[in-house]
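Structure first, commentary second.
The values are calculated or read from the model by the stated rules, or taken from the named source; none is laboratory data. The structure displayed is predicted, hence computed values, not measured ones. We place every Cβ from the backbone using ideal geometry, glycine too, and count neighbours over all the protein chains shown.
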Amino acid sequence: MSKVLFTSKATAKNGRDGHVKSDDGLIDLDLVNPVNNKTDKGSNPEQLFAAAYSACYDGALSHVAGEQNKEIDSETTVEVSFLKDEEDGGFKIGATLNIEIQGVSQGEAEELAEAAHQFCPYSKATRGNIEVKLNPKAV
């Protein structure tokens, strides 16, 4: 195993219709499965993954831009979709990353987006496992 820099911890109870809480209490959320429950309010694993992926990816984007001596301002919105897996009849997820980058041309935005996708730990973790679509846009 690689050198551990830090570890985060959260516990879920009763799956998609339960509750999730981080060990420090900052995350303390009821979970609601939007497929089966359209009325109750609560988060879901896809929403939590989208939040985490967007934060990680946008940080990676800032990092690679800095390495290339480019000053940017960026915002990344990740859409995580819960999908029916036609191959095995189960379920899977897919992600679309909508990336707005200020301070570069469209071509540079596309290059930075791909470089960040290669560097981001969440992109590395999902590579080859889920379909990820990048939508970079210079603004």
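Candidates are the residues of region 7-40 that are modelled with pLDDT under 95 and loosely packed, with under 10 Cβ neighbours inside 10 Å; the one that is farthest from LEU97 (Cα to Cα) is THR39.
The requirement of being in the same structural domain as LYS133 (by TED's automatic domain parsing) and of a type in the set (A, V, I, L, M) is satisfied by LEU83. Restricting region 90-136 to residues that are among the basic types (Lys, Arg) and within 14 Å of the chain's Cα centre (by Cα) leaves a set whose member that is surrounded by the fewest Cβ atoms within 10 Å (Cβ to Cβ) is LYS133.
Yes/no per residue for (1) in contact with a helix residue (DSSP H, G or I) (Cβ under 8 Å, 6 or more places away or on another chain); (2) touching a residue at least 40 places away in the same chain (Cβ under 8 Å); (3) aromatic (Phe, Trp, Tyr):
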position	(1), (2), (3)
LEU26	no, no, no
VAL32	yes, no, no
SER43	no, no, no
GLU46	no, yes, no
ALA50	no, yes, no
SER54	no, yes, no
SER62	no, no, no
ALA65	yes, yes, no
LYS70	yes, yes, no
